[in-house]
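Enquirer: If you scroll down you'll find the structure; I have some questions about it.
Values quoted throughout were computed directly from the atomic coordinates according to the rules given, and no laboratory measurement underlies them. Given the structure is predicted, the values throughout are model-derived calculations rather than measurements. Using ideal geometry, Cβ is built from the backbone for each residue, glycine included, and neighbour counts are taken over all protein chains shown.
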Amino acid sequence: MNRRELLKLIAATTGTAMIGGSALLTGCATSSTQTILAFSPDDILLLDEIAETILPRTATPGAKDAKVGQFMTVYVNDCYTLEEQAIFHKGLLLLEKDCHKIYGRRFMALQATEREEFVSQLDKHAKVEIAAGKMHYFTMIKQLTLFGFFTSEVGGTQVLRHVAIPGRFDGELPYKPGDRAWATR
């Protein structure tokens, strides 16, 4: 799977084009290198837990194994516009506020089933916002989780199939049900 195919997959999964995707295709050089807010170590832990709820560890590694939280902070700072950065940072605060309103505690204190339920509610709300033409912070988190995971070494080698140096063309490569998809770099 190449990066363009991954961007199409992310768009199909989240219902909108990759936010910050144009910066990615041009080398992540935004017109301004200023960032609105720095991420704290607690923010990175929170992003890792949200990402792990979206892509949990099963028989294969999960989002935390790929350090997706750290990836998100770099991508947001380097590739998002100032407006997109503001939405992302405000979204983290709103996520915690809504979580506390619903469950009486922060996201990190929720049980796994509560996290899944809460993330599912956020996803539904984000899809409504996207359909109305608005950008939603959870869509950004979900996109960066998918993008960060499947472009990481862990995602590209332990979840997707990977051949570091392609061999000959084989148009009749056997496929067995349950085989993993291929990753290319």
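Enquirer: Could you work out how far apart the two model spin labels at ALA181 and GLN121 are, taking each label as a point 7 Å from the Cα in the direction of the beta carbon, and quote it in nm?
Expert: 3.1 nm
Enquirer: ASP42: net charge of surrounding residues, Cβ under 13 Å, Lys/Arg +1, Asp/Glu -1, itself excluded?
Expert: Working: positive: ARG106; negative: ASP43, ASP48, GLU49, GLU96.
Result for the local shell: -3.
Enquirer: Please enumerate, by chain and number, the lysines with C-alpha under 23 Å from the C-alpha of LYS127, excluding those fewer than 8 residues away in the same chain.
Expert: Result set, ordered by chain and number: LYS8, LYS90, LYS97, LYS101, LYS142.
Enquirer: What ranking of MET108, MET135, MET72 emerges when the number of other C-beta atoms within 10 Å of each C-beta is taken as an exposure proxy, fewest first?
Expert: Exposure proxy ranking, most exposed first: MET108, MET135, MET72.
Enquirer: May I pose another question? What is the calculated FRET efficiency for ALA86 to GLN111, with r their C-beta to C-beta distance and R₀ = 45 Å, to the nearest 0.05?
Expert: That pair, ALA86 with GLN111, gives E of 0.90.
Enquirer: Fully extended, how many nm does the chain gain between LYS101 and THR60 (0.36 nm per residue separation, minus their Cα-Cα distance)?
Expert: Separation in residues times 0.36 nm, less the Cα-Cα distance, equals 11.4 nm.
Enquirer: Starting from the amide H of ARG161, placed 1.01 Å from N in the peptide plane, find each other amide H under 5 Å away whose residue is 5 or more places distant or on another chain.
Expert: Amide H neighbours of ARG161, under 5 Å, 5+ apart: ALA181, TRP182, ALA183.
Enquirer: Let me ask something else. Determine, for VAL68, VAL154, VAL74, the number of other Cβ atoms within 10 Å of each Cβ, and report the residues in order from fewest to most.
Expert: Going from sparsest to densest Cβ surroundings: VAL74, VAL154, VAL68.
Enquirer: Separate question: Spelling out what I want: for every residue of region 68-78, take phi, set θ = phi - 60°, compute 6.51 cos²θ - 1.76 cosθ + 1.60 (Karplus), and round to whole Hz; glycine and proline get x.
Expert: 5, x, 5, 4, 4, 5, 5, 5, 4, 5, 9
Enquirer: Same structure again: What does the charge count around THR113 come to, taking other residues whose C-beta lies under 15 Å from its C-beta (Lys +1, Arg +1, Asp -1, Glu -1)?
Expert: After counting each charged neighbour, the total is -3.
Enquirer: Here's a follow-up. Simple spin-label model, 7 Å along Cα-to-Cβ: ASP78 to THR157 in nm?
Expert: About 2.0 nm separates the two model spin labels.
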